[in-house]
Every structure is written in C-alpha cells, then in structure tokens.
Amino acid sequence: MAESFDASFYPGSTSDDSYHEKTHFEPIYESFLCPLTKQIMHDPVTIESGRTFEREAIEKWFKECRDSGRKPMCPLTLRVLNNTDLNPSIAIRNTIEEWTKRNDAAWLDNCCRSLTPGSSENAILQGLDHIIGFCMKSRSNKEVVRNLELIPQIAEMLKNSNTKVRCKALETLRIVAEEDIENKEAMAAGDTIRTIVKFLSHDHSQEREEAVSLLCELSKSESLCEKIGGVNGAILILVGMSSSKSENIIAVEKAEHTLENLERCEKNVKQMAENGRLQPLLKLLLEGSSETRLSMAAFLGDIVLSNDVKVFVAQTAGSSLIDILRSGNMQARDAALKALNQMSSHDMSAKLLIEAGILPPLVKDLFTVGANHLPMKLKEVSATILANIVASGADFESISVGQNDQTMVSEDIVHNLLHLISNTGPAIECKLLQILAGLTNSSATVVSIVSAIKSSGATVSLIQFIEAPQREIRVASLKLLHNISPFMGQELAEALCATAGQLGSLIKVISENNGISEEQASAVGLLASLPERDSGLTRRLLDEGAFDVVISRVMRIRQGITRGNRFYTPFLEGLIGVLSRLTYVLQDEAEIMNIVREHKLAELFVDMLQMNGPDKVQISSALALENLSEQTKVLTRMPEVAEPGICCSIFPCLGKPPEVIGLCLVHHGFCSLKESFCLLDGKAVERLVACLEHSNEKVVEAALAALCTLLADGVDIEKGVAVLVEAEGIQPILDVLVENRTEVLRYRAVWAVERILRTEEIAYQVSADQRVGTALVEAFRHGDYRTKQTAERALKHIDRLPNFSGIFPKMG
C-alpha cells in the first residue's frame, strides 16, 4: 500500500486552512495550494496524472518512493506513473503571482495605516511582522518597501513608548537594510541613525542588541560609516560594548564588527584612538600611504594617552616613528616628534624608545645647524623628548648616541649641551637644564657631568639661571645645582657669594608663604647641600636674614599653618639642613649662639628625631645635636666654690664644702638643653637611642655620633655610661657593632663600646656575649689603624687580649 505524504516535513507548513484566511486579504483558491505542503505554490509543476504540486515537494515524494523500493505513483490518486516528468504550470504560476501582488499590496497598504502613533500595539507589531516576512520573500520586495516610503514610518516607531514595538522596529529596519544599499541610504536620511545610537545606552538588553545589530548592518555601507561615527558618543559606546564583560555576547560581537566596518573612515579611526582603541590608528600608521601615515602620526601627538597605552604604542609603532624622524621630510618629522613626545613622558615607554634607537637622531637634531636642521620650535620638542627620556632613569653610560661610541655623559656631548644652553631661547634652555638635572640624578653619571661642567667653566652661567624670569628654568637650574653640590659645593658657595643678589633671590623664594612649591623645595635644598663648615657662606646667609626666614617657615609647618603636599618632605629636609649649619660655627659667632638659644633650636632638633620622619631630617638633626652637645662642656655653668674662711683653718670640720644639688651627672655643672645644649635634658638621649634601630645607616651614624659626646674626653664617662644604661642604649650600641653595616659605623661603635666597657660590671656581662667579642676581633683584624687600636683596648676590657700595663712598669 502506498504511504501518505508527511507535509510536516516542510518548515512552515500547516494543515490549518484558516491560516491562509488570516494572512491574506483576497480569498485563497484551493488550486493555489500544494496538496502535499498545504502552502501556496511558488513553482507549480504538473505530473503524468494531471495533478499539480510544488516542485520541491513532488521531487521529495518521488525520492522517497525510490528509496523505499516502490514505483513512483501519484500521491493523490496512488496511481503508478510511467514517468516522473515535471511540467511547469505557467498559467497557475502567473495567476498565483498576480494574486500575491494584489494581496501584498493590500497588506502593505494596511501596514501603512497601522504604523501610526495612534495604532494599537498589536496592530503595529502585526504590520512590522508582515513587512519582515514580505522582505524575506525576495530582495526585490525591499525596493517595494522603499518606494512606498515605509522606511520613515518604520523609523518613526523607534519613538514608540512600548519596548516590544521599538525592538520590532529595530529588527524590521535591519531586515529591510540587509543587502540593499539604497535602503541603507534611505535610513541615513534624517535623524534615524542618531536615534538608533541612543538605543545603545538603553537599559533594556534586547534593545541594545537589536540596535547594535542594525548599526552593524548599516556600517557595511562605506558611505554611512562617517555618518555613524559623526553621531556624538557613538564610537565611545561601541568601544565600551566591544570590551564589555557583562554585555550579551552577540551584542559584543556585533559592536566589534561595527567598529571594524567603521575603521574604513579615517575620522572614525581617530575617534577610536581618542577612546582607547589604538590598533586601527597604529595599523594605518604602519601600513597606510605616506599622507595617511603623516596624518595618523600627527593625531597621535595630539591626543592624551594613558601610561599603558603609551607602552603599547611604543612597542608597536616606536621604531616606525623613529624611522620617520631619521629620514622623513620636515612635516613628517614634525608629526613624528609630537607622537614620540607623548610616549616619552612615561618611564616604561621611554625605555622602549631607547631600545628602538631614539637617542642618536634626537641628539643629532638638537646639535645640527645649517641645511636640513630643525626649526627652533621642533628643536624644543626634541629637547622635551630628550628630557623625558633622561628622566626615565636608564643607564646612559652604556647607550651610544653618536659616532665614536659617544654617550649622553661624554664630555663633548655635555659641552654641546652647555653651549646650546647659552645660545638658545628660554623654552629650550629649560629642557636642556632638565636634561642635565636628570643626568646628575644618577650616581653613575653625575661625576662625568660635574667633570664636564668644571672643564667648560660653566658654573657661573648655570648659577645665573636661578634668577631667570621663567619659573620652570629656575626650578630646573636649582635641581641641577643641588645634584652637583656634593661634588663641587665649595665652587658653588663661592660663586653664590661672589655675585650680588643671587643668595637674596633664593631666600626670597623660600620666604613665600603661599604653600610649598617645587621651586622653594629646590632652593632650600641647594642651600642645605652647600658645605656646612663654610663660615663665610653662613655669615652671608645670616646677613641676608636667611635663618630668620627658615625658622619662620619651620614654625609655620609645626603649627600646621603650612599644609603638606608632594614637596613637603624635600622642603622640610632643606629647612632643617640649613638650620643645622648654625651648629657648625658656634665657637666663633656669639650672634649665632644667641639665635640658637633664642629660638630653642636644640629642642627643635630633638623634636625632629622621629622614627616616621624623613631620613634626611633625622640625619641633620642628629648631626646638629652632636655639634651642640660638644659645646656643652664649655657652656655648662660650674658651681661657685666659696673661699674657706679663717674659722675653717681653726676648725677643719667646718671646711667641708656644702653639697650642691641640680648638677648635671655628666658635665658636673648647671646644664639645660636650651642654654648649654645638654642632651640629658628634653628626652634627647632617648630619641637618639631610638634612632639606632633605624634602617638607614646614615641616620644610625648621626645618632651614634651624638650619643658618643656623652662618652667623650672632658666629661664624666662613667656617668655617661650610666645615662645610656638608664636610656636602654647599651644593647642598641652593641647591636650596631655586631651588624657592621658600614666602616664609619664600625669605627664609631667600636669607639663607643670601648668607653662603655671601662665600666667593669658591663664589661663582665658583655664578655659572655660571643657576638660582641667576635665583632671586636673582626674590627681588630680588618679595621683601619684607628679602629684596630680602639678594638684592642676594648678586647682587653673583656679579657680577650692580655693587659700588660699592670706587669711592666711605665718607661720614662
């Protein structure tokens, strides 16, 4: 028996006759329907039995007959057929086509009436669905939709208050625009694209997905790319969507494809770069035409890049930009310099540019004169880049910048920089000073720079810049002078004193009370770094009123009037450093002694000894206290002893001097921190002992030096040891000895320990500490002559070496 045909095999097939009544205006004739699929036929054919079917459906039927081993038969009559020829039913097809056109026209007319603001939600949705179905039948139907001017009506539905309607309108526009350039152009008319872009930031995820899908379709038209990118915020939103972790994956992919399409327009590429999507711009920079590369390089120099992006650009395009710098025309070099300037402002990207070979062409452009030389405006950019590069902290000793393996610290290069400083304008002067300041920041290169400055005789000319009208030039020169002052401090001090007005200019800058500026920190830092024992400079500072200004600024900081900022630490370090100068010339200047007492500077230095304070402040304060404490022996007021009267000679029991109370244990006089700078007053000893545990050995050296004044000749050493015992300072001093962090610390620790071990009880206790004995033995074996002598005496105190002084009599 023959089997019946399974019409459900065909997608969209239905056996419900009412379906056709619902989707067509004109009555549908039975002859229009394929008996197998129950659908309107598109390609009707007649078989031998005289029955008409949809070509695809009857072909499927015949195939099933063959596959099952049955002879082909008519699916309606079940009559076996002699052949399976398919004859096109042209008359029926034409009739169906005419009927379809009339029906579609009626439907489209109905759609036009339904796509109005006053229509119901269902009517609008039904109309949009029909337009989608109509367009999907054939591409030619999309032209019909355009000619009927349905596109503006569909676009108007984007403003509907109903979310479903808006989503369906977006979907409909996408279907209408697919593979139809003219429909895309029609949608671009008016404000439709701007409206679509607004949907990208809506809360409803389906609206966002439909909107980005529509934009993706529209962006396939190159002529629309500029218009889409021209909508304010469109590219920024798309860039955000393409990298979103929370967005629907389809929306993310569509956003990415849309951006890829928009890259065909250079304006869009620049917008993408502004919003963090650099790859398209860099691709054009590397692969574009000469004109395009020039345009992209120039734009790269104008936008603001994050540090991560600067690194990425340096890695990707740094070498290409440097090639342009070497061989391009003036306009191209201008563009390349601006882009390189951007990248050089971050340390990591600057180092990548060094690896790519930026230094030789930069240095060449700076020093070249004559044909093909850069105009001054571009030399300023070159100098700026070089200043940025130098600030990155690379190893410039080993990086060649020209012929004969010259480096940035070669004498000829430094001489050229110094010469250029003297023969150029303020803008380039500033950058060149910054270059030299950067090179002198490193201990590896500062000596070479100092040598070149000395050999060129440029000291005086460099100092003159501290009076320049431009603040940036003054700051750069002050930084440079500060950096070289440890190596040529005396020359700088003499030059400052020899020129009228320059010290006054520095003091005037420091005195300004409008916060703390970089210039103020640099100015006071320079003064603090000059030789402390130069009494002539100290006298000039005193005459100029420098110390009154510095004391005033310190008081404002301590009172909270001057608030801290990023220059607070170097400013305070400089202030305390300048004040500490006073303690180096106390013996010769009564006026200075009065200043120290009047302003209670000893108390100030004690207060500055805080573990959480800046290291340099603690070092300067401890050294100042050492200097002050050394004067205590002279300044302490000894008690007056009355001459014995005649009665005392008759009655000796009356000659016993009266007991004096309030005497200093160490100095045996009347002491105070304010008047005689005695460390036993004002918790100075405790603060200094605390500094012995500091991580910075320079702080430890200064603190230990100050404590050693309590054990020096001319004081009661035994009482000094007792003071250290009470302050719990013995063990920290022993720890400093054991740790042996620097040669200076070892000598000071050995010296202090030898004095401490003169107390037998302590010597007995320490003799049991193997670590101390070993440290003293090491000092005895490996120290310099002074250290060995002192270590020898200390070892005798703990019986590690024999003491022959009690065996052999002292010889004449």
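Just so it is clear, none of the values below were taken in a lab; they were calculated from the coordinates. All of these numbers come straight from a predicted model, not from anything done at the bench. Note: ideal-geometry Cβ built from the backbone for every residue, glycine included; neighbour counts use all protein chains shown.
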* Asked: Which GluC sites (Glu not before Pro) in the range 171-256 pass both tests, a DSSP loop state and at most 12 other beta-carbon atoms within 10 Å?
  -> 179
* To do: Give the order of 751, 107 when sorted by the count of other beta carbons within 10 angstrom, beginning with the fewest.
  => 107, 751
* To do: Divide the volume of the convex hull of the Cα atoms of the chain by its number of residues and quote the answer in cubic angstrom per residue.
  => 351
* **Set of aspartates and glutamates near residue 719 by C-alpha distance (under 19 Å), chain-local residues within fewer than 8 positions excluded** => 626, 630, 659, 681, 686, 728, 754, 760, 761
* Asked: Could you list, bin by bin from short to long, the percent of Cα-Cα pairs of the range 500-587 in 10 Å steps?
  -> 18, 55, 24, 3
* Between residue 55 and residue 784, with labels modelled 7 Å along Cα→Cβ, what's the label distance in nm to one decimal, could you check? => 10.8
* Can you figure out the FRET efficiency of residue 66 with residue 43, using R₀ = 25 Å and their beta-carbon distance, to the nearest 0.05? => 0.75
* Structure fact -> In Å³ per residue, the alpha-carbon convex hull of the range 142-277 encloses 91
* Structure fact -> Taking only the alpha-carbon positions of the range 315-449 as identical scatterers, the Debye log10 I(q)/I(0) at q = 0.15 Å⁻¹ comes out as -0.65
* Structure fact -> Heads up, the range 729-812 by the C-alpha gyration tensor (a ≥ b ≥ c square roots of eigenvalues; a/c under 1.5 rounded, else a/b over b/c prolate, else oblate) looks oblate
* Dividing the convex hull volume of the alpha carbon atoms of the range 380-512 by its residue count, what do you get in Å³ per residue? -> 109
* Counting Lys and Arg as +1 and Asp and Glu as -1, each charge on the Cβ, what is the dipole of the range 142-277 about the Cα centre in debye, to the nearest 20? -> 380
* Asked: Based on the Cα gyration tensor of the range 81-229, what are the three equivalent ellipsoid semi-axes, each the root of five times an eigenvalue, rounded to whole Å and given largest first?
  -> 33, 19, 14
* Structure fact -> Simple spin-label estimate for residue 638/residue 121, 7 Å along Cα→Cβ, in nm, reads 10.8
* Asked: Among 673-680, 50-57, 473-480, 127-134, how do they line up from the highest to the lowest mean number of other beta-carbon atoms within 10 Å?
  -> 473-480, 673-680, 127-134, 50-57
* Those trypsin sites (Lys or Arg not before Pro) in the range 551-598 that DSSP places in a loop and that have at most 16 other beta carbons within 10 Å -> 563, 566
* Asked: For the range 614-635 and the range 662-739, what is the separation of their C-alpha centers, rounded to whole Å?
  -> 11
* Can you list the lysines whose alpha carbon sits under 20 Å from that of residue 698, skipping same-chain ones fewer than 8 residues off? -> 616
* Using r as the Cβ-Cβ distance of residue 743 and residue 377, and R0 as 35 Å, what FRET efficiency do you calculate, to the nearest 0.05? -> 0.05
* Along the charge dipole of the range 488-598, which of 527, 557, 509 sits closest to the positive end, that is, farthest toward it, with unit charges on the beta carbon of Lys, Arg, Asp and Glu (+1, +1, -1, -1)? -> 557
* Stretchable slack from residue 675 to residue 113, in nm (0.36 nm times residue separation minus alpha-carbon distance) -> 191.9 nm
* Two-site FRET efficiency, residue 139 against residue 565, from Cβ-Cβ distance with R₀ of 45 Å, rounded to 0.05 -> 0.05
* Structure fact -> Per principal axis, largest first, the Cα atoms of the range 233-321 extend in Å by 39, 27, 20
* To do: For the range 418-485, state what percent of all Cα-Cα pairs lands in each successive 10 Å bin, counting from 0 Å until the bin that includes the largest distance.
  => 22, 60, 17, 0
* Asked: In terms of modelled amide H atoms, which long-range or inter-chain residues lie less than 5 Å from the amide H of residue 73?
  -> 81
